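Only one structure is covered here, and it is reproduced in the block below.
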Amino acid sequence: MDDVTSLLAAVDAFADRLRALPQSRLSRGAAAEALSLARELAAWAQRIEEPGTTVPREMPEAGMFAVADQVAVAGHDLAEALAAASANADGGNRSPEGAGAAEAVALIEAAAKRCGL
């Protein structure tokens, strides 16, 4: 089973750092970067949970003060999808990309670096 503990810790830490940013930092690109990450994590979870769906639903833009929550929700959804898929008795892939929690943590860390966090 894919251990998603590191993913949950990384996404929660990133979301907490986003919540602490002033409006000026969010508006200079951190919010847009966070929304992009949230959309990527959400699409990844959808591909795991709904294989064969050609176009994942896009997470809406809810404003710069909501992106931290959007990242947290998308990250937790992905963690749940990865855990459920890896525990699947039929031995199916964890995701279409064959990636797991470590790859998701790398995405979060890269986004945090681009945000200057």
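The values are calculated or read from the model by the stated rules, or taken from the named source; none is laboratory data. From a predicted model like this one, the values you see are computed outputs, not experimental measurements. FYI the Cβ positions are ideal-geometry reconstructions off the backbone, even for glycines, and counts take in every protein chain you see.
The C-beta contact set for region 101-116 (first residue closer than 22 Å to Leu82 by Cα and assigned to a helix (DSSP H, G or I), second residue β-branched (Val, Ile, Thr) and modelled with pLDDT of 95 or more, distance under 6 angstrom, 6+ apart or interchain) comprises Ile108/Val11.
Residues are listed down the side, and each one gets a yes or a no for (1) of a type in the set (Lys, Arg); (2) within 23 Å of Gly116 (Cβ to Cβ):
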| residue | (1), (2) |
| --- | --- |
| Val4 | no, no |
| Ala10 | no, yes |
| Arg19 | yes, yes |
| Pro22 | no, yes |
| Glu33 | no, yes |
| Ala38 | no, yes |
| Glu61 | no, yes |
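Tell me which residues, restricted to region 7-32, are among the charged types (D, E, K, R) and within 12 Å of the chain's Cα centre (by Cα). The one that is among the charged types (D, E, K, R) and within 12 Å of the chain's Cα centre (by Cα): Asp12. Counting only residues that are under 12 Å from Ala104 (Cα atoms) and buried (at least 17 other Cβ atoms within 10 Å of the Cβ), region 3-39 holds 7 of them.
For region 40-61: of the residues being touching a residue at least 40 places away in the same chain (Cβ under 8 Å) and surrounded by fewer than 21 Cβ atoms within 10 Å (Cβ to Cβ), which is nearest to Leu8 (Cα to Cα)? Step by step, filter region 40-61, then rank; the result is Glu40. Apart from one condition, Met64 fits all of (1) under 19 Å from Ala111 (Cβ atoms); (2) crowded, with 20+ Cβ neighbours inside 10 Å; (3) among the hydrophobic types (A, V, I, L, M, F, W, C); the exception is (2). Looking only at residues in region 79-100 that are modelled with pLDDT of 90 or more and touching a helix residue (DSSP H, G or I) at 6+ places or on another chain (Cβ under 7 Å), the one that is nearest to Thr5 (Cα to Cα) is Ala79. The set of residues from region 44-57 being closer than 25 Å to Ala110 by Cβ and either touching a Lys or Arg at 6+ places or on another chain (Cβ under 8 Å) or hydroxyl-bearing (Ser, Thr, Tyr) (or both) comprises Gln46, Ile48, Pro56.
Each residue in region 46-78 was checked for being at pLDDT below 95 and either assigned to a helix (DSSP H, G or I) or among the aromatic types (Phe, Trp, Tyr) (or both), and 4 pass.
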